[in-house]
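K.L.:
I'd like to ask you about the structure that follows.
The values are calculated or read from the model by the stated rules, or taken from the named source; none is laboratory data. Just so you know, these numbers come straight off a predicted model, no measurement behind them. Cβ placement follows ideal geometry from the backbone for every residue including glycine, while neighbour counts extend to all protein chains displayed. We work out accessible area using only protein heavy atoms, side chains counted, and drop any ligands, DNA or RNA first. Shrake-Rupley method; radii C 1.70, N 1.55, O 1.52, S 1.80 Å.
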Amino acid sequence: MAEKSDFYVPAEHLSDTSWLNSKITHDAAQAESDGRITSAIAVDGSLMVVPVRDGLPSVRYGYAQSAAVWLDITAMEKQKQERFVDPVALGQAINSALISYDLPVAGAYVRRGVSIKDSWRESLDSLFRTKKIEVNRMNQSLMSLLFLLHGQPGKPATSLDVNCPEPTCGERDVAVSNSGADCPGCKMRLFPTDVLRIHEEVVEDGSNESPLGRLMQVVELLVVAGLATLLWEQSRGQLFQNTLFIMDGPMAVYGPPAKLRSRALHYFQSMSGASGALAPFICGIEKTGTVVDYASALARHNVLAEGDLMTVDSDVISAITNSDNPIAYGAETYWGRKFIYRSIDGRTVVFTVLPRQGPPYDDRGGQAHPSSYPTLPAILDVIDRTGSSMYRNGIVPVSLAHSKAAYPIGVGTDVLRLAARQKLGLGPSGT
């Protein structure tokens with residue numbers, strides 16, 4: 001029966017594409033040379049969950065790390081013009097920082113007498129207090145950045161509204177300070193990191209790789225917020241206005257932490273209003289997904305020419321997702337809007353951009369027109385200038401961040417397993 005089934009794949013059934021013509025802007029990258037972005041900061045993450053020992057397959061340990069790479073685009077372009085590339089000059093054009101974090105994800109607990117969910121809760125609280133982003137004059141813990149994102153640029157929140165994780169307790173929006181608080185209903189200890197609700201996806205029997213992925217996406221967002229705030233506070237009139245922040249993947253927050261979407265949108269738009277300029281320049285680059293497949297099909301059939309930008313409105317979303325109700329797409333998860341761009345060298349890039357004001361998506365379709373995104377020309381200019389062959393349709397900053405954050409396969413897994421055994425106090429045998 002499976003061999004005889006006829007499935008519908010939107011990317012393989014384009015048929016008539018004339019209806020897309022009105023959604024395409026030709027020669028979209030028109031940034032002036034005086035206002036060109038001169039540097040980029042890309043953020044990417046990687047995770048790995050390993051079984052600690054063959055005799056204990058249910059005991060798993062999780063590792064994750066997020067990398068931020070700064071690239072001097074001007075210096076990189078100068079090397080392109082040289083007959084021979086100077087490796088020293090190219091090396092000086094790149095700077096990077098890495099934050100690593102790990103925790104037992106299944107079958108092991110922080111102490112006796114706690115569930116796997118509470119073990120995760122306590123581990124996250126400890127990680128956010130001890131792990132710091134240290135780069136140049138920035139030295140902030142993940143916890144301080146979490147409070148910063150819930151406040152205003154330069155003015156962190158003093159407390160976070162947390163729902164009690166105890167299933168039988170109905171307390172909601174309990175004000176929890178940096179030091180934590182007791183639930184007024186059941187007296188359970190509440191942590192500021194409970195606002196992320198990552199523990200809700202943790203299960204007793206499973207690898208719990210999904211909640212570790214949620215944690216990684218939160219850390220990546222906090223890294224971008226911290227670095228953008230650093231430039232906003234110390235070089236608002238220069239570096240802040242000449243730097244593009246790039247996230248690997250869409251500008252979205254999925255799963256239980258999705259409420260951070262509205263916090264990120266409000267935070268970065270407030271930063272823009274206070275600076276009096278177009279900055280911050282922020283985008284998310286997607287390497288995989290249904291929209292990427294659809295965009296590749298459009299380029300393959302020459303629907304998009306070099307320099308074309310396509311608006312992904314409700315009609316396009318309906319075609320890509322095969323849905324008759326695309327209006328609310330992304331309203332609960334995205335803080336940037338999707339666009340499809342065919343660069344001048346033929347690469348097809350799917351990316352998300354921050355709107356100047358208001359949400360990118362809502363229950364009325366959101367803001368689909370490029371005019372709501374004044375940073376678009378400068379971002380497209382960077383995409384054109386930083387093409388990479390390290391992966392399909394890639395750009396150099398994201399490629400560098402990925403190479404910094406990625407865990408090595410093969411031997412790397414064995415090393416992580418040995419490290420996990422040591423951390424958990426488990427020997428190589430059953431003793």
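K.L.:
Tell me whether the range 224-308 comes out rounded, prolate or oblate; compute the Cα gyration tensor, take square roots of the eigenvalues as a ≥ b ≥ c, and use a/c under 1.5 as the rounded threshold. Could the numbers behind the result be given before it?
P.N.:
Numbers: a/c = 3.00, a/b = 1.61, b/c = 1.87.
Verdict is oblate for the range 224-308.
K.L.:
Would you calculate the separation in nanometres between label points at residue 187 and residue 209, each defined as 7 Å from the Cα along the Cα-to-beta-carbon direction?
P.N.:
Here the answer is 4.2 nm between the modelled labels.
K.L.:
With the chain treated as a Gaussian network of Cα nodes joined by springs under 10 Å, which of 225, 419, 331 yields the largest mean-square fluctuation?
P.N.:
Result: 419 has the largest fluctuation of those listed.
K.L.:
How many Å² of accessible area per residue for the chain, probe 1.4 Å? Please report the intermediate quantities before stating the final value.
P.N.:
On the way: 19840 Å² over 431 residues.
That works out to 46 Å² per residue.
K.L.:
Full extension from residue 169 to residue 134: what is 0.36 nm times the residue separation minus their Cα-Cα distance, to one decimal in nm? Before the final figure, lay out the partial values.
P.N.:
Details: separation 35, 0.36 × 35 = 12.60 nm, distance 3.88 nm.
Taking 0.36 nm per residue and subtracting the Cα distance, the gain is 8.7 nm.
K.L.:
How far is helix 396-405 tilted off the main Cα axis of the chain, in degrees rounded to 10, range 0 to 90?
P.N.:
In the chain, helix 396-405 runs at an angle near 20 degrees to the longest axis.
K.L.:
Here's a follow-up. Pairs of alpha-carbon atoms within less than 8 angstrom and 6+ residues apart define the contacts here; what relative contact order does the range 323-383 have, in percent? Could you put the intermediate results ahead of the total?
P.N.:
Values: 83 pairs, mean separation 20.9, N = 61.
It rounds to 34 percent for the range 323-383.
K.L.:
Using a Gaussian network model on the chain with a 10 Å cutoff between Cα atoms, which of 199, 369, 266 fluctuates the most?
P.N.:
Greatest mean-square fluctuation among the candidates belongs to 369.
K.L.:
For the range 260-369, run through the trypsin sites (Lys or Arg not before Pro) and keep only the ones in DSSP coil with at most 12 other Cβ atoms within 10 Å of their Cβ.
P.N.:
Numbers: sites: 261, 263, 287, 300, 337, 338, 342, 347, 356, 364; in loops: 287, 347, 356, 364.
When the trypsin sites (Lys or Arg not before Pro) of the range 260-369 are filtered for loop state and at most 12 Cβ neighbours within 10 Å, 364 remain.
K.L.:
Work out from phi, with θ = phi - 60° and the Karplus expression 6.51 cos²θ - 1.76 cosθ + 1.60, the ³J(HN,Hα) of each residue of the range 93-108, listed in order in whole Hz, and give x for Gly and Pro.
P.N.:
7, 10, 9, 9, 9, 9, 10, 10, 8, 8, 6, x, 9, 7, x, 9
K.L.:
Quick check: the angle from helix 376-385's long axis to the longest principal axis of the chain, C-alpha only, nearest 10 degrees?
P.N.:
Relative to the chain, helix 376-385 is tipped by roughly 90 degrees.
K.L.:
Here is a further query. From the gyration tensor of the Cα coordinates in the range 278-365, what semi-axes in whole Å does the equivalent ellipsoid have, largest first, with each one equal to sqrt(5λ)? List each step's numbers first, then the result.
P.N.:
Details: eigenvalues 91, 62, 20 Å².
Semi-axes from the Cα gyration tensor: 21, 18, 10 Å.
K.L.:
Modelling each spin label as a point 7 Å along the Cα-to-Cβ direction, I'd like the residue 8/residue 54 distance in nm, to one decimal.
P.N.:
Between residue 8 and residue 54, the simple spin-label model gives 5.0 nm.
K.L.:
Work out from phi, with θ = phi - 60° and the Karplus expression 6.51 cos²θ - 1.76 cosθ + 1.60, the ³J(HN,Hα) of each residue of the range 124-133, listed in order in whole Hz, and give x for Gly and Pro.
P.N.:
5, 4, 5, 4, 5, 7, 9, 7, 10, 9
K.L.:
If amide hydrogens are placed 1.01 Å from N in the peptide plane, which non-local residues have theirs closer than 5 Å to the one on residue 244?
P.N.:
Hits under the 5 Å cutoff: 39, 40, 41.
K.L.:
Want the number for residue 325 to residue 363: 0.36 nm per residue separation, take away the alpha-carbon distance, what's left?
P.N.:
Working: separation 38, 0.36 × 38 = 13.68 nm, distance 1.03 nm.
Going from the current span to full extension adds 12.7 nm.
K.L.:
Also, I was wondering about something else. What pairs in 117/423; 131/287; 155/259; 155/287; 117/287 have C-alpha atoms more than 23 Å from each other?
P.N.:
Working: 117/423 20 Å; 131/287 28 Å; 155/259 20 Å; 155/287 34 Å; 117/287 32 Å.
Long pairs (Cα-Cα over 23 Å): 131/287; 155/287; 117/287.
K.L.:
Next question, about the same structure. What residues have an amide H closer than 5 Å to that of residue 174, excluding those fewer than 5 places away on the same chain, when H is modeled at 1.01 Å from N in the peptide plane?
P.N.:
162, 163, 164
K.L.:
Using unit Cβ charges (K, R positive; D, E negative) and no other charged atoms, how large, in debye to the nearest 20, is the dipole of the chain about its Cα centre? Present the calculation step by step, with values, prior to reporting the outcome.
P.N.:
Details: 40 positive and 46 negative charges, 248 e Å.
Roughly 1200 debye, rounded to the nearest 20.
K.L.:
Lysines within cross-link reach of residue 23: Cα-Cα under 20 Å, excluding same-chain residues under 8 positions apart?
P.N.:
Reachable lysines: 338.
K.L.:
Compute the relative contact order of the chain as a whole-number percentage, counting only Cα pairs closer than 8 Å that sit 6 or more residues apart in sequence.
P.N.:
On the way: 807 pairs, mean separation 86.2, N = 431.
Normalised by residue count, the contact order of the chain is 20 percent.
K.L.:
Please report, in whole Å³, the volume per residue of the convex hull around the C-alpha atoms of the range 195-338.
P.N.:
Working: hull volume 21.3 nm³, N = 144.
Convex hull volume per residue, Cα atoms: 148 Å³.
K.L.:
Determine the share of the chain's accessible area contributed by carbon and sulfur atoms, expressed in whole percent, with a 1.4 angstrom probe.
P.N.:
Numbers: 9790 of 19840 Å².
It is 49 percent, rounded to a whole number.
K.L.:
Now for a separate question. Give me the one-decimal nm value for the distance between modelled label points at residue 235 and residue 17, 7 Å along each residue's Cα-to-Cβ direction.
P.N.:
A separation of 4.1 nm, rounded to one decimal place.
K.L.:
Also, I was wondering about something else. If you average the alpha carbon positions of the range 187-222 and of the range 294-314, how far apart do those two centres end up, in angstrom?
P.N.:
If we compute the Cα centre of each part, the gap is 37 Å.
K.L.:
I need to check one value: relative contact order of the range 304-358, counting alpha carbon pairs closer than 8 Å and at least 6 residues apart, in percent. It would help to have the intermediate numbers written out before the result.
P.N.:
On the way: 65 pairs, mean separation 21.1, N = 55.
In percent, rounded to a whole number, it is 38.
K.L.:
Additional query: Between 346, 113, 330, find the one with the highest GNM mean-square fluctuation for the chain; connect C-alpha pairs within less than 10 Å.
P.N.:
Taking springs between Cα atoms under 10 Å, the residue moving most is 113.
K.L.:
What longest region of the chain stays clear of chymotrypsin sites (Phe, Trp or Tyr not before Pro) that DSSP places outside H, G, I, E and B and that have at most 12 other Cβ atoms within 10 Å?
P.N.:
85-390
K.L.:
While we're looking at this one, here's another question. Using the Cα atoms of the chain to build a convex hull, what is its mean projected area in square nanometres? Please report the intermediate quantities before stating the final value.
P.N.:
On the way: hull surface 100.7 nm².
Seen from a random direction, the Cα hull of the chain projects 25.2 nm² on average.
K.L.:
Looking at the range 282-384, which GluC sites (Glu not before Pro) are DSSP coil and have at most 16 other C-beta atoms within 10 Å of their C-beta? Write out the running numbers ahead of the final one.
P.N.:
Details: sites: 286, 306, 332; in loops: 306, 332.
Here the sparse-neighbourhood loop sites are 306, 332.
K.L.:
Using only DSSP helix segments of four residues or longer, with each worth -39500 (n - 2.57), what per-residue ellipticity at 222 nm results for the chain after dividing by its residue count and rounding to 500?
P.N.:
Computed mean residue ellipticity for the chain: -9500 deg cm²/dmol.
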